[in-house]
Amino acid sequence: MDAAVLIQRFPSARVLPSQDMPTVEIPASDLWAAVRFLRDEQSFDLLADLCGVEWKDRSARFGVVIHLLSTTQREYVRLHVPALGDCVPSVSSLHPGANWHEREAFDMFGITFTGHPDPRRILMWEAYPYHPLRKDFPLAGIEVPLPAADVAEVTGQTVEPAPMMGGPFVSLGGHFSEGEPSALDQSWNEEKPKA
Amino acid sequence: MKITKEISLGDVAARSEELRGENMILNMGPSHPATHGVLRLSLELDGDKVVKCDPVIGYLHRGDEKIAENMTYNQFVPYTDRLDYLAPLANNVAYAIAVEKLAGLKLPPRCEAIRVLCCEMARVSSHLLGIGVYAMDTGAWTVFMYTFNERERLYSLFEELTGARFTTSYTRIGGMTRDIPDGWLAKVSAFCDGVERTIDEVDKLLTRNGIFLERTEGIAPISKELALAYGLTGPNLRASGVPFDLRKDKPYSGYEQYEFDVPVGTKGDCFDRYLVRMEELRQSVRIIRQVIKVMPGGAWYAEDAKKIFLPPKEKVMTKMEELIQNFMLVTEGPQIPAGEVYFEAENPKGSLGFYIVSNGGGVPYRLRIRGPSFVSLSILPAIVPGNFLTDITAILGSLDFVMGECDR
């Protein structure tokens, strides 16, 4: 399929440059119709993947990226959907397999899928207060109450952030360049003991 | 003694409300031998029949996608081992190909052939375990011992190839960690002879086994339409009658050179999923034999990718340019151009996909992992209700998932 077919049907869509497959940015309002058009008229019968992305240089902070696969034409198509006020329409009525992917995108980024049949968290527990894949969430994590409130009450324990040492990475933020991997924790060394 | 009062069907019907009782909520897992990891199924039961099934996942969530955003491309390779930890070699290869696709890198034929060999050996390893535990879950303990024997031999081969039995981390962006050792291919060849005998034995033990047939035939059939709607991939999709295999339909790493058949099921029930995996084992052995036969010589890594693959150690020690190159690669990571890529590889459990967004440099901006097990489990609420509680072990075994990849 050529991306032009989709543009012709949905004039509000826009072709994005891509090296591996036709890529189209489609506004959230047209998403459901576009996925149905691709499924019913263009044989994109399998939703391979749906994930959230936090963009740095786009007008919408969050976006959803959908990869559709045609098992008969043996090709992929990629849809970029900018979230409108952190909201994207759910496509799980067209592809039931999108249900869990959308729950994950909500869990990790806080993107709300309007019309989703089961809008719960999936990987984190239900009362978890953050969305960990957002760029402003630290890699080590943030201290939160234990998932089981009754256990937390008795033990006074919490879920602690990951220790800074022990891995080859740490998110200190700010002091290293874009192209550089995150550096090791320098807050302690041979002379200066660990706090 | 004579039964004086018989309850007629009419009585039962009249008293149906009274006899029904309440539905029971049963938690299966997160620590249960048949859930193959930390999966919890929240089941609503009407007697022995499942009315509702709600899988609860996330017990093994490590935040791999977050971790990936904070390290260089090569540093992430060991994390891919831990996705589908029953086939780490295949994960390594899928990840490396995804990043190389983003970098627009062409690999020499020897490297591609080694990778195909790795993928197929991983498939044999994963399917042997999958079938072994599937049989065990349905009551056939012996099969597990047969298949584990072969896996042990495979692990020894992996150890010789990669230095590790389990977490192999064998690939690097642009190549492998090392070339295959001398005489190793002959050992793989000998292993093929052995595993073919084992496959035949397992075939004799299971395929016409009355108990196994009773437990699997006609259980939880997944229609073609349902399988596609839920995005199933790999053996689970093919068992439902969709002849789609990425190795044939979107060939990567030179799969188009090898001859193999793609087994396809007809009914999509638990037994079909078993049959498809059995035949895939044979086809994998067939591919392995072909790779050994044609194993090309030459470089086993992309020699011209100076900004991506580490230079040979002896040159680092003696030459200035290579020393600087090595230093830059280790500190800044392989330099991958800006762009986005989505690559799926035909892994033992299904299509393992990597969606990578790069802003240039050595660290991915976003790395999304599409785990086939995550997708395979998402179909449970649709296929489990209506089955008996005892069928769940067979259904879970037939879907062949692994939680490391589901929870990431």
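In this structure, does B:Ser240 turn out to be of a type in the set (Ser, Thr, Tyr) and touching a Lys or Arg at 6+ places or on another chain (Cβ under 6 Å)?
Numbers: of a type in the set (Ser, Thr, Tyr): yes; touching a Lys or Arg at 6+ places or on another chain (Cβ under 6 Å): yes.
Spelling it out, B:Ser240 is indeed of a type in the set (Ser, Thr, Tyr) and touching a Lys or Arg at 6+ places or on another chain (Cβ under 6 Å).
When the residues of segment A:141-162 are filtered to those that are within 14 Å of chain B (Cβ to nearest Cβ) and part of a loop (DSSP other than H, G, I, E, B), which remaining residue is modelled with the lowest pLDDT?
Across segment A:141-162, the extreme among qualifying residues is A:Ala162.
Please indicate, with yes or no, whether at least one residue in segment A:86-96 is under 25 Å from A:Phe44 (Cβ atoms), facing chain B (nearest Cβ under 8 Å) and assigned to a loop (DSSP other than H, G, I, E, B). Step through it out loud before you land on a result.
Let us first name the residues in segment A:86-96 that are under 25 Å from A:Phe44 (Cβ atoms), namely A:87-96.
Subsequent filtering for residues that are facing chain B (nearest Cβ under 8 Å) retains A:95-96.
Retained after the next criterion (residues that are assigned to a loop (DSSP other than H, G, I, E, B)): A:95-96.
Within segment A:86-96 (the criterion being under 25 Å from A:Phe44 (Cβ atoms), facing chain B (nearest Cβ under 8 Å) and assigned to a loop (DSSP other than H, G, I, E, B)), the answer is yes, since at least one residue qualifies.
Regarding segment B:270-280, can at least one residue be identified that is of a type in the set (Asp, Glu) and in contact with a helix residue (DSSP H, G or I) (Cβ under 7 Å, 6 or more places away or on another chain)? Steps first, answer last, please.
Filtering segment B:270-280 down to residues of a type in the set (Asp, Glu) leaves B:272, B:279-280.
Next, only the ones that are in contact with a helix residue (DSSP H, G or I) (Cβ under 7 Å, 6 or more places away or on another chain) stay: B:272, B:280.
Yes, the conditions are met somewhere in segment B:270-280.
For the subset of segment B:228-245 comprising residues that are of a type in the set (A, V, I, L, M, F, W, C) and facing chain A (nearest Cβ under 9 Å), which member is farthest from B:Val276 (Cα to Cα)?
Narrowing segment B:228-245 to residues of a type in the set (A, V, I, L, M, F, W, C): B:228-229, B:232, B:237, B:239, B:242, B:244.
Next, from what is left, pick out any that are facing chain A (nearest Cβ under 9 Å): B:228-229, B:232, B:237, B:242, B:244.
On the way: B:Leu228: 17, B:Ala229: 20, B:Leu232: 14, B:Leu237: 10, B:Val242: 12, B:Phe244: 13 Å.
In this case the residue turns out to be B:Ala229.
What tally of residues in segment A:110-135 results from selecting those that are buried (at least 22 other Cβ atoms within 10 Å of the Cβ) and more than 10 Å from every other protein chain (Cβ to nearest Cβ)?
So the answer is 2.
Counting just the residues of segment A:43-67 that are more than 7 Å from chain B (Cβ to nearest Cβ) and farther than 22 Å from A:Pro119 by Cα, which one comes out surrounded by the fewest Cβ atoms within 10 Å (Cβ to Cβ)?
Initially, segment A:43-67 is screened for residues more than 7 Å from chain B (Cβ to nearest Cβ), giving A:43-44, A:50, A:52, A:54-64, A:66.
If we keep only those that are farther than 22 Å from A:Pro119 by Cα too, we end up with A:43-44, A:55-59.
Details: A:Ser43: 16, A:Phe44: 26, A:Trp55: 17, A:Lys56: 11, A:Asp57: 5, A:Arg58: 13, A:Ser59: 7.
This residue is A:Asp57.
So is B:Glu201 surrounded by fewer than 17 Cβ atoms within 10 Å (Cβ to Cβ), in contact (Cβ under 8 Å) with a residue 60 or more places away in the chain, charged (D, E, K, R) and part of a helix (DSSP H, G or I) or not?
In short, no.
Conditions (1) modelled with pLDDT under 90; (2) over 22 Å from B:Leu396 (Cα atoms), marked per residue:
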{"residue": "B:Ser240", "(1), (2)": "no, no"}
{"residue": "B:Pro243", "(1), (2)": "no, yes"}
{"residue": "B:Arg247", "(1), (2)": "no, yes"}
{"residue": "B:Ser253", "(1), (2)": "yes, yes"}
{"residue": "B:Glu259", "(1), (2)": "no, yes"}
{"residue": "B:Cys270", "(1), (2)": "no, no"}
{"residue": "B:Leu275", "(1), (2)": "no, no"}
{"residue": "B:Glu280", "(1), (2)": "no, no"}
{"residue": "B:Ser284", "(1), (2)": "no, yes"}
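State all residues of segment A:1-42 that are within 14 Å of chain B (Cβ to nearest Cβ), among the acidic types (Asp, Glu) and in a loop (DSSP other than H, G, I, E, B); if no residue qualifies, say none.
Result: A:Asp20, single match.
Among the residues of segment B:110-169, which ones are on the phi < 0 side of the Ramachandran plot and among the polar types (S, T, N, Q)? Spell out how you get there, then give the answer.
Initially, segment B:110-169 is screened for residues on the phi < 0 side of the Ramachandran plot, giving B:110-138, B:140-162, B:164-168.
Within segment B:110-169, B:Ser125, B:Ser126, B:Thr138, B:Thr142, B:Thr147, B:Asn149, B:Ser156, B:Thr162, B:Thr167, B:Thr168 meet the criteria.
B:Pro381 fails exactly one of the following numbered conditions: (1) buried (at least 24 other Cβ atoms within 10 Å of the Cβ); (2) modelled with pLDDT of 90 or more. What is the number of that condition?
In the conditions (1) buried (at least 24 other Cβ atoms within 10 Å of the Cβ); (2) modelled with pLDDT of 90 or more, B:Pro381 misses (1) alone.
I'd like to know if segment B:192-214 contains one or more residues that are closer than 24 Å to B:Ala90 by Cβ and small (Gly, Ala, Ser).
Yes; the residues of segment B:192-214 include at least one that is closer than 24 Å to B:Ala90 by Cβ and small (Gly, Ala, Ser).
May I ask you to list the residues in segment B:157-214 that are within 20 Å of the chain's Cα centre (by Cα) and among the hydroxyl-bearing types (Ser, Thr, Tyr)?
Within segment B:157-214, B:Thr162, B:Thr167, B:Thr168, B:Ser169, B:Tyr170, B:Thr171 qualify.
In contact with a Phe, Trp or Tyr (Cβ under 6 Å, 6 or more places away or on another chain) and in contact (Cβ under 8 Å) with a residue 24 or more places away in the chain: does that describe A:Leu6? So that I can check it myself, show each step before the final result.
Working: in contact with a Phe, Trp or Tyr (Cβ under 6 Å, 6 or more places away or on another chain): no; in contact (Cβ under 8 Å) with a residue 24 or more places away in the chain: yes.
So A:Leu6 does not fit the description; no.
Of the residues that sit in segment B:295-328 and are among the β-branched types (Val, Ile, Thr) and surrounded by 12 or more Cβ atoms within 10 Å (Cβ to Cβ), which one is nearest to the other protein chains (Cβ to nearest Cβ)?
B:Ile308
Give segment B:329-354 a look and list any residue that's in contact with an Asp or Glu (Cβ under 7 Å, 6 or more places away or on another chain) and surrounded by fewer than 24 Cβ atoms within 10 Å (Cβ to Cβ), or say none.
B:Glu332, B:Val341
Find the residue count for segment B:247-257, including only residues that are more than 14 Å from chain A (Cβ to nearest Cβ) and either in contact with a Cys (Cβ under 8 Å, 6 or more places away or on another chain) or buried (at least 20 other Cβ atoms within 10 Å of the Cβ) (or both).
Just the residues of segment B:247-257 that are more than 14 Å from chain A (Cβ to nearest Cβ), to begin with: B:253-254, B:257.
The next check asks that each one be either in contact with a Cys (Cβ under 8 Å, 6 or more places away or on another chain) or buried (at least 20 other Cβ atoms within 10 Å of the Cβ) (or both); those that pass are B:253.
Within segment B:247-257, residues that are more than 14 Å from chain A (Cβ to nearest Cβ) and either in contact with a Cys (Cβ under 8 Å, 6 or more places away or on another chain) or buried (at least 20 other Cβ atoms within 10 Å of the Cβ) (or both) number 1.
The values are calculated or read from the model by the stated rules, or taken from the named source; none is laboratory data. All values reported here derive from a predicted model rather than from experimental measurement. Methodologically, a virtual Cβ is constructed for each residue, glycine included, from the backbone with ideal geometry; neighbour enumeration extends over all protein chains shown.
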